[in-house]
Structure formats: C-alpha cells, structure tokens
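This is the structure I have questions about; it appears just below.
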Amino acid sequence: MTFLNPLMLWGLPLVLLPVLIHLFNRLRHRKLPWAAMMFLRMANRKSTRYAKLRQWLVLLFRVLAVLMLLFALSRPLAGGWMGGMFSSKPDVVVIILDRSPSMDGRAEGESRLEKSRAAILKGMAGFVEGTRVVLMDHTATHVQEVGSVEALKNLMSGGATDTSADLPAQLEAVHKWFESEKPGTGEIWIASDLQASNWDPAAKERWKRLVGGFEGLPQKVRVRLLAMNEPLSSNSSVRVRELQLLGEGERAELQLEVEVLRDQAALTETIVPVTIHLGTESRTIDVDFKLEGTSHTQFIKLQIDDPGQGGWGWVEIPDDDNPRDNRGYFVYGSHGRLSTAVAAEDAYMGRFLQMAAAPDLANTNQVSVAVAEASRAEVKWSDHAMILWQGVLPEGDIAKALLEYADTGGMVVCFPGEVDSETEFAGIRWGALNPTLNEQGKAYPSWREMVAVQGEGEHLGPRVVSWEEGEGPLARTEEGYSLPMDSLYFSQRRTIEGGGIVLASIARDSKPERKAEPLIVRKVRGKGEIIFIGTAPRDTWSSLNFSIVLPIMLQRMVSAGAATGSGRFSNDRMLAAGDDPARSGERWISVGGEEGESRDFNTEAGVYRLGNRVVAVNRPEREDLVPSMEGDEAVELFGEMPVALFQEKREGTAGDPKEIWKWFLALMAIALLVEGFLILPKNTDERVVINRSSTGKVVT
C-alpha cells in the first residue's frame with residue numbers, strides 16, 4: 001500500500017489519545033470508605049464482567065476511529081501492482097522498460113509490452129505532483145528525466161525492438177544516476193518478462209556488487225517488479241544459422257541452414273511451414289519443417305540466377321503469439337567478396353599465403369589480394385574478412401587502423417620475418433630468432449635437410465607438444481581427426497613475447513623436463529582476434545609450406561573472421577540488432593521493406609545498405625525462446641533490497657491503483673456508531689439482590 005500524503009502518518013501516535021483520556025478519568029476518582037459498599041459488592045458478578053468488557057470495547061472503537069481518520073487523511077492507494085509494498089510516496093521514480101523481442105508476446109491480442117506500459121501509466125496517475133519521473137529505456141545508455149505523465153506516455157509509445165535487454169547494465173546506469181543526482185527516496189519500477197538471457201542470473205558477483213551499491217546510497221531505494229512472464233500458448237521462432245554460396249554461373253546454388261524452434265516440449269509431431277523469400281529475385285519457396293521435439297534444423301539449397309550480383313532475402317513462419325521472432329533475414333555475396341589481404345615482406349611467402357587463403361577460386365567465394373608496402377596506408381582494411389601480415393609487426397597509423405579493424409570483428413594473423421625489431425603490436429612483439437642447430441652447432445639451412453639426415457623413426461628439431469583441439473583454428477575435424485601438428489618441422493622460429501591465449505606450444509623434444517614455449521598465441525581484441533604464429537611458411541623456416549595444417553587453419557580463420565565480424569570489413573554480413581550499432585555519421589538505408597516503411601538500423605531487424613555494402617540485421621540469438629525466470633528468482637537477485645513483486649501469470653493483468661480513503665472514512669463512521677451504541681444506558685435498573693440465611697444473616 002502506498003500513501004500519497006504520507007505526512008499525515010506522523011499523527012499515528014494520536015491513536016493513544018482515547019487511552020490517555022481513559023486513564024486520566026480513572027485518576028480523577030479517589031477511594032473513600034463507605035458503609036453501604038458492602039451491599040454493592042454483593043451485586044451480580046455477571047453484570048460487573050459485562051460492564052468491564054463494554055468499557056474495553058468502547059476504548060477499542062474510539063482508537064480505531066482515530067486510526068481510520070489518520071489513514072483516510074494520508075490518501076492510501078490500493079489495487080494493481082502498486083499495492084505490493086507498504087511505503088510512502090517516493091521523491092523519484094525510475095522506470096526501466098524492457099522492449100526486447102520477447103516482450104512482443106501476445107495473449108488475447110495484447111502484448112506484454114502494451115500491458116506493462118498501461119500498468120506503469122496507471123501507477124503514475126497518483127504521482128503527478130511532487131515526484132520526479134525518470135525513464136531508462138533498454139536501448140539507451142543513460143536515464144532521461146520526464147516532465148509529465150503525458151510526456152512519459154509519448155516516450156514509451158514505441159513498440160518492441162529486435163535488440164536484447166541487459167538489466168544489470170541498466171541498473172548499474174541507474175545506480176550511477178542516484179550517486180550523482182542524490183534525488184532523495186527512490187523507487188525503481190521494472191517491467192520485464194524476466195527472460196534469463198536479459199537478467200544474467202548466473203553473474204552472482206555482478207549482482208552482489210550492484211545490490212551493495214544501492215544499499216550503500218544515503219537515500220533509500222526500493223524496487224517494484226512487474227513480471228510479465230506468463231507463458232505463451234503457442235510460439236515458434238526461425239532464423240538462418242549459416243549460408244554458403246556454392247558453384248558459379250548456372251550451377252550456382254545458395255545453401256541455407258535454417259533452424260526452427262518452438263517453446264513447447266511436446267513430443268507430438270508438428271509441421272511448421274517455412275517460406276523463403278529471395279528479395280532480389282521476387283521469388284518464394286515453401287518448405288515444411290517436421291518438428292518432433294523443440295527444434296529442427298534443415299539444409300535448403302536454392303538455385304541462384306545471378307550469383308555475381310549477390311542478393312538478400314528472408315525466411316518466415318506463420319503468425320503466432322509472438323510475431324517478433326517469425327522472420328530471419330540473410331544476405332549473400334558474389335564470388336570474391338570474402339577477401340583476404342596479404343601484406344608480406346617476403347615475396348615467396350606472400351604468394352603462398354595468398355594461395356592458402358583462397359585455394360579454390362572456381363568453387364568458393366574466397367579471394368586474396370596482395371598489399372604492397374607502399375600502399376598499406378591507403379588500404380581500406382574493413383573490406384577484408386582476414387588480414388595476413390608477415391614480417392616486422394605493424395606500427396603507427398597502420399597499427400592503429402588494424403587494431404580498430406580487429407575491435408570491430410576482424411581477423412589478423414601475423415607471421416615473423418628475418419629482420420629483428422622491437423615493435424609491439426596489441427601488447428605482443430617478436431623475440432629472438434631461434435634456429436635449429438645440428439650436432440656441430442650449425443643451423444640447418446632448411447627443414448628439408450633436417451628430414452634428409454634424420455634416422456628412421458626420428459624427429460629432428462623442436463616439435464609441437466600440445467595444441468588446442470577443442471575449438472578454434474586447430475580443432476579436430478568433424479570426423480574427429482586431429483591436425484598433424486606434431487609432424488611439423490622447424491628450421492627456425494621466433495619467440496612470442498607478451499600475454500595471450502596459447503593455442504599451441506613447442507619444445508625441443510617431448511621429454512617432461514623440457515619447458516614448452518608458445519608457438520601460436522591468440523589475442524582477443526573487442527569482437528575480433530589477432531593470431532601470432534612464431535614461424536613462417538618457407539623451407540628456411542618450417543614445413544608449414546608443405547603441410548595441410550596452414551591451409552586448414554587459414555580457411556577456419558577466414559570463416560571465423562566472416563562470422564564474428566561487425567560487418568565493416570565485408571560487403572555482406574549477418575549482424576545482431578543492438579550488438580553492432582552504426583557508427584557516427586553512418587546512414588544505413590533499409591532495403592526491400594514495405595512501401596513507406598522506415599526501419600532503424602540499431603534496433604530493428606531487416607536488410608540494410610550503406611554504399612555498396614549490404615548487411616542483414618536480426619535479433620540476437622540469445623533472444624530465441626530462452627526460458628523466463630520465476631518471479632522469486634528475480635527477487636532473490638536483489639538481496640536485502642525491498643522488492644514488491646507483481647506476477648502476471650499469478651495475479652492477472654495489473655489493475656488500476658485507486659485511492660481508498662473513502663473506505664477508511666466509512667470504517668471510522670462504523671467504529672463511531674458501534675462506540676455510540678456501547679455507551680447507551682441500559683433499559684432496566686441494576687438492582688442489588690440481598691440474600692439472607694434462615695438465621696437472618698446476610699449471605700454473599
């Protein structure tokens with residue numbers, strides 16, 4: 001219960017006034033001896049007990065009358081989600097509104113977001129005066145102060161977006177606002193469907209720090225949680241997980257990996273029709289997906305009329321309880337658009353790296369281009385899915401550009417050169433050159449001479465003793481086979497100095513006492529990676545120019561660069577809404593929308609174009625039918641903070657909070673009527689009955 005005029009509650013001690021008057025009245029009378037009192041003591045004891053009970057009841061109803069008057073004057077609110085906490089009107093209300101895709105789930109034609117918005121506006125109706133209102137939209141990075149309820153209505157009028165919410169990050173921003181503004185007693189109103197991916201309940205330490213920050217504020221802050229987590233009766237989602245352009249010309253085919261999920265774990269078989277739209281060709285294809293569980297993935301091949309121009313499209317399923325996850329967009333590029341740039345100081349290694357990065361130009365959409373040293377400053381690195389750098393590490397403006405490229409999702413792979421240098425790149429530099437020596441202490445000129453002089457069953461020189469086979473460029477094949485890393489020969493290599501994730505280690509031999517050194521190191525930068533390989537693909541360095549290891553590694557890394565990039569290093573990309581926002585000055589234009597339709601690149605799924613670059617933006621994968629938490633689980637995240645919980649699925653739609661001061665006035669009137677009835681004089685006289693014994697003595 002919330003009170004709009006809480007100052008009147010300071011008058012609660014006045015309920016003791018009838019008690020004090022009663023006590024003072026008793027002190028006014030003094031005891032005097034009186035002979036006739038002997039006869040009064042013989043009055044009916046039942047009448048005496050009734051008189052005492054009546055006095056206590058009169059006192060009780062007088063106290064209740066004063067209490068009801070005070071409650072009525074304090075203007076209490078009750079009903080809806082506002083009635084869950086006994087508190088006074090706050091100085092500030094901070095509203096956090098979840099507008100992630102799952103909030104577009106609908107029951108009886110009204111979405112979770114619409115219900116949340118209505119409940120918040122009704123709750124704010126009583127706080128028009130004297131309370132600051134602040135809005136924290138889940139797509140914003142800072143809070144926004146609202147001047148009026150009408151302004152709040154306009155600011156919350158937008159529909160659900162295709163971006164994911166991050167409730168801990170929003171609450172951290174709200175905490176910083178409380179610290180800087182010091183607004184007084186506050187309430188945080190959160191309207192959310194409690195989707196676990198938005199709340200990150202596994203981050204216990206983060207929540208502990210967050211709650212500790214609120215509890216450490218000088219003002220009191222409490223939470224009202226509107227949990228719109230009622231399960232939907234029927235909902236499925238669809239997305240394109242991967243795509244690949246195969247062949248060329250008339251033989252060109254587009255292979256889509258399409259996944260359909262449903263939120264019901266029923267074992268009954270269900271047919272979900274999936275429609276594939278090729279926007280550039282105005283063509284549709286219908287495919288039936290047979291679901292026996294909660295998910296089904298299917299590979300679909302489509303004939304492409306003009307693969308050289310690239311294209312876009314979307315997959316779609318029929319309308320259900322959440323239209324926001326019924327469509328998934330995709331784009332595909334022409335052959336040659338998945339490009340690798342090779343910047344090498346050694347001409348032979350440059351040509352080899354080009355071939356290894358794009359080994360089959362006729363049947364893949366991969367190409368590689370050489371970048372001359374003189375033109376590196378003018379290269380647009382963002383047009384490439386992977387950068388291969390051989391020689392002295394980049395420095396100056398080129399290093400800055402490559403680091404920015406990696407931050408946005410690019411893949412950079414570095415190989416050493418013959419020239420010694422102290423240049424550091426991403427916190428790592430090339431160390432000393434370590435040649436492999438023979439028994440006479442002379443360096444082997446090439447790895448082939450090492451093989452020629454070694455005995456049967458021997459392996460001269462250093463050997464790879466461990467490598468990461470679980471994931472990444474050195475992972476096992478789909479059939480479970482390991483890459484032949486331990487069969488590589490090294491005639492020389494450079495040490496890798498600096499921190500990073502070691503993917504492969506090398507040692508002089510496999511004896512336990514030998515200390516292994518890093519051979520391949522991964523440095524994570526933003527959304528991308530920088531890989532450092534301590535040797536190079538040439539006879540004078542290693543057998544990487546002869547083994548299948550390097551081409552496999554590069555193919556995997558260029559695919560990873562294409563899959564994880566932000567879309568600024570490739571013409572054709574599939575992005576996640578909100579995770580890859582537009583840069584300042586970029587104006588992405590929606591492609592293929594309905595006539596007159598306008599889309600926001602940062603918050604809405606669709607196909608967008610910027611110059612000659614085309615990208616597909618979809619909702620983040622973590623938004624696909626992730627289960628919601630229970631309300632009690634969400635409350636536990638707030639620790640000792642006071643939380644009032646309203647759960648839609650238990651209590652129905654949030655009603656309109658109403659002032660109930662009239663109820664308390666009515667109760668006061670009833671208490672006064674009962675008190676008046678109790679103090680009415682009795683209709684019959686109370687007479688003293690004296691009993692005597694047969695001898696004439698008075699019997700008590």
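Nothing in this text is a laboratory measurement; each read-out follows from the coordinates by a stated rule. Nothing here was measured: the structure is a model prediction, and the numbers come from that model. Every residue, glycine as well, gets a Cβ built from its backbone with ideal geometry; the counts of neighbours run over all protein chains shown.
Pairs of Cα atoms under 8 Å, at least six residues apart: use those to get the relative contact order of the stretch 338-564, whole percent.
Rounded, it is 23 percent for the stretch 338-564.
Mind scanning K400/K527; K301/K523; K204/K527 and naming the pairs with a C-alpha gap bigger than 27 Å?
K301/K523
Of all GluC sites (Glu not before Pro) in the stretch 122-224, which ones are in loop regions per DSSP and have a Cβ with at most 10 other Cβ atoms within 10 Å?
Those satisfying the criteria are E129.
How big is the charge dipole of the stretch 338-564 about its Cα centre, in debye rounded to the nearest 20, if each Lys and Arg gets +1 on its Cβ and each Asp and Glu gets -1 on its Cβ?
For the stretch 338-564, the charge dipole is close to 140 debye.
Next question. Please work out how much length the chain gains when fully extended from E422 to E586, using 0.36 nm per residue of separation minus the C-alpha to C-alpha distance, in nm with one decimal.
55.3 nm
Compute the convex hull volume of the Cα atoms of the stretch 338-564, divide it by the residue count, and report the result per residue in Å³ as a whole number.
137
Listed here are the pairs K182/K662; K122/K662; K115/K208; which of them are more than 27 Å apart at the Cα?
K182/K662; K115/K208
Hey, can you rank 345-355, 391-401, 490-500 by average C-beta count inside 10 Å, highest first?
Listed from highest to lowest mean packing, they are 490-500, 345-355, 391-401.
What's the ranking of 154-162, 371-379 by average number of surrounding C-beta atoms within 10 Å, highest first?
154-162, 371-379
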